Amino acid sequence: MGTLVLDTVSRWYGNVVAVNDVSMTIGPGVTGLLGPNGAGKSTLIHMMGGFLAPSSGTVTLDGDTVWRNEEIYRRIGLVLEREGMYDVVTGWQFVLANARLHRLPDPREAARRALDTVEMTDAKDRDISTYSKGMKQRVKMATALVHDPPVLLLDEPFNGMDPRQRLSLMRLLQSMGDAGRTVLFSSHILEEVEQIAGSIQVMVAGRHAASGGFREIRQLMTERPHQYTIRSDDDRALASAIIAEQSASSVQLVTTREDTRALHVDATDYAAFIRVLPRLASSRGIRLYQVTPADESLESVFAYLVAR
């Protein structure tokens with residue numbers, strides 16, 4: 001199966017609380033662990049991977065406790081953010097050594113397959129010391145995949161990759177999630193999470209701030225108005241109708257970057273506004289040309305979560 005469950009997990013270092021009372025479930029598919037630097041993402045992944053004991057709470061994989069459970073490592077592939085590697089060996093030797101440590105029946109074939117998966121076959125006989133940062137990331141990814149685990153935990157896996165490498169890894173993670181693996185990757189780059197994560201877990205200042213799909217998270221934030229850009233054939237009449245209906249906290253007539261007029265609307269009740277707008281336009285004979293969410297990027301959601 002590959003389902004990780006964190007139950008009221010905390011981790012502190014002396015008086016510093018890195019993770020504070022976090023509960024979440026990570027199942028099959030691609031999950032993005034989003035948060036700014038210092039949010040507790042790496043600490044959380046270390047506890048999920050069994051490298052760090054929770055100060056309180058429990059982490060389990062399919063019901064089995066992760067901490068001090070060596071058998072767990074046969075079911076987890078882990079890529080840590082830190083760059084420490086064995087630079088005096090080749091990529092092939094490094095991945096093959098990991099295959100042998102897992103006591104795989106055919107370690108050479110497993111290593112070959114893993115390197116091919118991350119597109120490092122051509123550079124496999126070069127010393128790791130000659131690799132770029134992105135190449136080192138891909139070799140670490142190969143070691144995480146060499147034993148074909150059902151769960152992948154990746155801490156900032158796109159660091160140092162060029163655009164082509166980044167796109168290739170995104171496609172790989174998506175295909176693994178579609179195949180039923182549990183893939184969790186952390187990132188502070190909003191675009192990465194928005195593009196490939198089916199589910200998002202947001203960490204802010206060591207706390208679990210939100211979870212769900214991107215739009216699901218956004219729609220839960222009823223205390224912050226939803227912003228829309230609306231174009232019609234009579235913006236002034238539509239603005240008056242919206243104000244009279246009291247379905248928006250503010251309506252402004254603005255000039256867009258395309259040098260056209262539009263309404264900027266802050267809707268206090270997302271569901272009500274979506275129902276009311278077509279009725280208002282139809283009853284007054286107003287033609288709607290455009291209704292576009294102005295704050296539906298993940299960046300706006302994340303900024304709100306950090307600020308609140």
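Bear in mind that the values in this text are calculations on the coordinates, not laboratory data. From a predicted model like this one, the values you see are computed outputs, not experimental measurements. FYI the Cβ positions are ideal-geometry reconstructions off the backbone, even for glycines, and counts take in every protein chain you see.
Take every Cα pair under 8 Å whose residues are at least 6 apart in sequence, average their separation, divide by the length of the chain, and the relative contact order is 20 percent.
Taking ARG287, ARG74, ARG126 as the candidate residues, the one with maximal mean-square fluctuation in a Gaussian network model of the chain, Cα springs under 10 Å, is ARG287. Karplus-based coupling profile of the stretch 5-17, in residue order and whole Hz: 10, 9, 10, 6, 8, 10, 8, 10, 10, x, 8, 9, 9, with θ = phi - 60° in 6.51 cos²θ - 1.76 cosθ + 1.60 and x standing for Gly or Pro. Taking springs between alpha-carbon atoms closer than 10 angstrom, which of SER187, SER132, SER240 fluctuates most in the Gaussian network model of the chain? Residue with maximal mean-square fluctuation among SER187, SER132, SER240: SER240.
Antiparallel beta bridges, as assigned by DSSP with both residues in the chain, represent about 65 percent of the total such bridges.
Going from the residue with the fewest nearby Cβ atoms within 10 Å to the one with the most, TYR131, TYR86 rank TYR86, TYR131.
Over the chain, the reciprocal of the mean inverse Cα-Cα separation, the Kirkwood hydrodynamic radius, stands at 21.8 Å.
Considered as an equivalent ellipsoid built on the Cα gyration tensor, the stretch 107-217 has semi-axes of 27, 16, 12 Å, the largest given first. By the beta-carbon count within 10 Å of each Cβ, the least crowded to most crowded order of VAL22, VAL89, VAL146, VAL254, fewest first, is VAL254, VAL89, VAL22, VAL146.
Straightening the chain between THR260 and ARG164 buys 30.9 nm, computed as 0.36 nm per residue apart minus the Cα-Cα spacing. Shape summary of the stretch 142-189, radius of gyration then Dmax from alpha carbon positions: 10.7, 29 Å.
Could you let me know the centre-to-centre spacing of the stretch 177-253 and the stretch 46-114, using Cα atoms, in angstrom? When both Cα centres are located, 36 Å separates them.
The C-alpha atoms of the chain define a longest principal axis, and helix 270-283 lies at about 40 degrees to it.
Between amide H atoms placed 1.01 Å from N, distances below 5 Å from SER250 occur with ASP266, all of them 5 or more places distant or on a separate chain. The string of couplings for the stretch 203-210 from the Karplus curve (6.51, -1.76, 1.60, θ = phi - 60°) is 10, 9, 6, x, 10, 7, 8, 6 Hz, one whole number per residue in order, with x for Gly and Pro. For the Cα atoms of the chain, what angle does the longest principal axis make with the long axis of helix 163-178, in degrees from 0 to 90, nearest 10? The answer is roughly 90 degrees. Taking amide H atoms as placed 1.01 Å from N in the peptide plane, the amide H of ASP295 lies under 5 Å from those of GLN227, each 5 or more residues away in sequence or on another chain.
For a quick check, take a GNM of the chain with Cα springs below 10 Å and name the residue from GLY91, GLY57, GLY32 with the largest mean-square fluctuation. Its mean-square fluctuation being the largest, the pick is GLY57.
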